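Structure, as structure tokens:
The values are calculated or read from the model by the stated rules, or taken from the named source; none is laboratory data. Predicted model, so just to flag it, every value in this text is computed and none were measured. Here the Cβ is made from the backbone with ideal geometry for all residues, glycine too, and neighbour counts use every protein chain on show. Note: areas computed on protein heavy atoms with side chains; ligands, DNA, RNA excluded. Shrake-Rupley method; radii C 1.70, N 1.55, O 1.52, S 1.80 Å.
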Amino acid sequence: MSNSNTVISLKDTMKIIKKNIWIILAIIIFACASMFAVVNFVLVPQYQATSQILVIQNTDKADNNVQNSEVQANLQMVNTYSAMLKSPLVLDKVSDKLKGKYSSGELGKKMVTSNDQNSQIINITVKDENQAMAATIANQTAAVFKDNLPVIMKDKSVTIMSPAKVLSHPHPTFPNKTMLYTMSLVVGIILAGLICFLREILERLDITVLGVISNIPDNTIRKRQEYDLMHEKHMEASPVYEK
């Protein structure tokens, strides 16, 4: 077999695509239709809302050095505040305010706390199937934290910088339809290409599928072994006559 029979040129590629155009289109359409069904009928849309809070030090000192040290201390405490926001101390009370719609564990899974680098502002981001509910959870968490932090840390106070807003026309943050549709298109093209070129390579190599050997069930093998054993015993028990 010469190399000319196995090397696929650009011209051959175009011929393969043209010959298998309907197969290619069918695979691409199937991939996109499947993703459309999953996105619109299986995946549950998630909406997002964010509330921003600032934890500050209660002090009347005007010394700049003291104020700078307090800012650095507050920056180092941001991780502690984030953990407190997701603690049962806060989320149990938020759950009560929501009349038990979500438990504290469920609220913790819906919530993400973060802050920008070198910033004392903490973002409380909540995702929920309902955007209004996401905003309510974020605002209630900020309010409960504001009421309880001064009890634990008497020299600290919380300011709500930006409450979460209920949007009139919210857009879900999940699923990202554009990304998923693009991904399904790419996967469909790749899969179609692999199938078509594999068929072409098999044809050029002149490889033909002659048949398939199926698995033999264990009980069939066992019965065959029992039959062979009985036949062997029968042959041993048979008398031999001399002429």
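Residue check: is residue 7 of a type outside the set (Phe, Trp, Tyr), modelled with pLDDT of 90 or more, surrounded by fewer than 10 Cβ atoms within 10 Å (Cβ to Cβ) and not in a helix (DSSP H, G or I)?
Judged against the criteria, residue 7 is not a match.
Going by the structure shown, is residue 163 over 25 Å from the mean Cα position of the chain (by Cα) and over 12 Å from residue 49 (Cβ atoms)?
No, not satisfied.
Applying the selection to the range 167-206, what residues are open to solvent by 100 Å² or more (accessible area, probe 1.4 Å), assigned to a loop (DSSP other than H, G, I, E, B) and modelled with pLDDT under 80?
Hit for the range 167-206 is 206, nothing else.
If a residue has to be part of a loop (DSSP other than H, G, I, E, B) and surrounded by fewer than 18 Cβ atoms within 10 Å (Cβ to Cβ) to count, how many in the range 85-114 make the cut?
6
Would it be correct to say that residue 164 is open to solvent by less than 40 Å² (accessible area, probe 1.4 Å), part of a loop (DSSP other than H, G, I, E, B) and more than 30 Å from residue 17 (Cβ to Cβ)?
The answer is yes for residue 164.
Which residue is farthest from residue 156 (Cα to Cα), if the candidates are limited to the range 39-55 and must be of a type in the set (Val, Ile, Thr) and touching a helix residue (DSSP H, G or I) at 6+ places or on another chain (Cβ under 7 Å)?
Among those that are of a type in the set (Val, Ile, Thr) and touching a helix residue (DSSP H, G or I) at 6+ places or on another chain (Cβ under 7 Å), it is 39.
Mind listing whichever residues of the range 115-155 are of a type in the set (Ser, Thr, Tyr) and crowded, with 16+ Cβ neighbours inside 10 Å?
Residues satisfying the conditions are 125, 136, 141.
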